[in-house]
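What follows is calculated from the coordinates using simple rules that are stated; it is not laboratory data. Since the structure is predicted, the reported quantities are computational estimates derived from the model, not experimental observations. Glycine gets a Cβ as well: all are built from the backbone with ideal geometry, and neighbour counts include every protein chain shown.
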Amino acid sequence: MEGRAHAHRSLLLVFSLLLLITFSGVAEAYGNAKLRPSDCKPKCTYRCSATSHKKPCMFFCLKCCSKCLCVPPGTYGNKQVCPCYNSWKTKEGGPKCP
């Protein structure tokens, strides 16, 4: 009987660790919403790190971040994480935020 209790505890521990690993990524992505204004520059520096158009990327990213207080994770895409950032459009209807 003691071996069975040990197996249940081990299984519970593994399951708990899997949940923690799974939701830590979600928290990281969604924890990006409502940044402080001082967080914008480092977040935009990373967001624009993969483009060859760094100056315009930084200009618009900082503008969008100051309005939305959010920068999507990664260097491209993931805009659904920041609805304000995602919905701000140019006069022509294209995306304003990188």
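Quick look at the numbers
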read-out: Convex hull volume per residue for segment 37-87, taking Cα atoms only, in Å³; value: 64
read-out: Within segment 29-96: Cβ-based charge dipole about Cα centre, in debye rounded to nearest 20 (Lys, Arg +1; Asp, Glu -1); value: 180
